[in-house]
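These notes are about the structure you will find just below.
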Amino acid sequence: MTIPILHDPAALRAWRDAARRAGETVGFVPTMGALHEGHLSLVRASRAAAARTIASIFVNPLQFGPSEDFDKYPRDLARDVALLATAGTDALFAPERESLYPRGFSTYVVQEGTTDALCGATRPGHFRGVTTVVTKLFNLVEPDVAFFGQKDAQQAAIVRRMARDLSMRVDVRIEPTVREPDGLAMSSRNLYLAPEERRQATVLSRALARASDAFDSGERRASAIAGAAERVVREADRARVDYVSVVDPSTIRPLETVSSRALVAIAVFFGKTRLIDNALLPSGSPLSCLGAPE
Ligand code: AMP
């Protein structure tokens, strides 16, 4: 089984125009490849919501810092195409770097406020890369609806806010995090973990469960909720905490007290591998509170 692979923007536009002529809606799933069930759950959500589903694979150099893993990020196009085809994706957009960033490229999309905390603090410029490439992809694909994972909650909140702030004609939806049987959030970066690190990586989801327990027991001080989670992470001797934070799910600003909803977000290094995970409080809060209008 295979699907059309569109390598250049002209081919993508032809595909998009054909969908429009057929009067069919388009759902879009942007990815960086090295696909897993988390990505495929977005494809399935898109198939349920739109007549045609297109995914993209582009390892976006603009969102990687100079000392990050751009060069060694896992790439296996043949495997990814087979997975996308099996999941029922109708087409794949896999552009070359030069077609998205031609020589002399100098225009960026920047969101203020939401991008300073959490991953934005550790990875300066990361979200500028994300908002810029997602804008470009939205301009090219012109999707009716686009799907992002809760796994990257800050990113999802930022993209939803961007679409609203810039009057983009796309419905941005967020789907729940897909996990391994032991609770570890699926991630392309899990491939980097050594066996002992992989064993210890369950501390992230266990720490989030502890934060939820603290909240359910009536704790409302953000520092106490974060502290309870951080103590769990510190039980893993290979883990180095980057952040454990309790923020507002709409603005991604740190909270002192949880009065209504909160996002507990965790980033942990195992060696050079950085893993992230998050949970909403109270658990079961709708994912649409991420990046929601204030
Ligand atoms: P990436 O390829 O890592 O850039 O991810 C592409 C999309 O898949 C993003 O919207 C991610 O949030 C989403 N995603 C990644 N991992 C998961 C997961 N475990 N569950 C749900 N969505 C995910």
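No value in this document is a laboratory result; all are computed from the given coordinates. In this text, all values refer to a predicted model and were calculated from it rather than measured experimentally. Counting neighbours? That spans all protein chains shown, and the Cβs are built from the backbone with ideal geometry, glycine included.
K272: which lysines have alpha carbons under 17 Å from its alpha carbon, excluding same-chain residues fewer than 8 sequence positions away? List returned: K72. Nearest 500 deg cm²/dmol is fine: what mean residue ellipticity at 222 nm does the chain get from its DSSP H runs of n ≥ 4 alone, each adding -39,500 (n - 2.57), divided by its residue count? Only helices count here, giving -10500 deg cm²/dmol.
Based on the Cα coordinates of the stretch 187-248, what is the per residue volume of their convex hull in Å³?
91 Å³
Ordering of 47-56, 21-30 by packing is 47-56, 21-30, highest average first (other Cβ atoms within 10 Å, averaged per residue). Model label points for A48 and R79, set 7 angstrom from Cα along the Cα-to-Cβ axis, are 2.7 nm apart. Remark: D165, D144, D69 ranked as D165, D69, D144, counting other beta-carbon atoms within 10 Å and listing the fewest first. When all alpha carbon pairs of the stretch 154-265 are counted in 10 Å bins from zero, the resulting P(r) reads 13, 36, 34, 15, 2 %. Cα centroids of the stretch 41-93 and the stretch 100-153: 16 Å apart. Here the scattering of the chain is modelled by Debye summation over its C-alpha atoms, one equal scatterer each and no solvent; at q = 0.10 Å⁻¹ the log10 of I(q)/I(0) is -0.54.
Length gained on full extension, A194 to A22, computed as 0.36 nm times the residue gap minus the Cα-Cα distance: 57.0 nm.
With a simple spin-label model that places each label point 7 Å from the Cα along the Cα-to-Cβ direction, the separation between E235 and S259 comes to 3.4 nm. One equal scatterer on each Cα of the stretch 10-147, no solvent, Debye formula: the resulting log10 I(q)/I(0) at q = 0.17 Å⁻¹ is -1.01. Kirkwood hydrodynamic radius of the stretch 242-294, from the reciprocal of the average inverse Cα-Cα distance over all distinct pairs: 11.7 Å.
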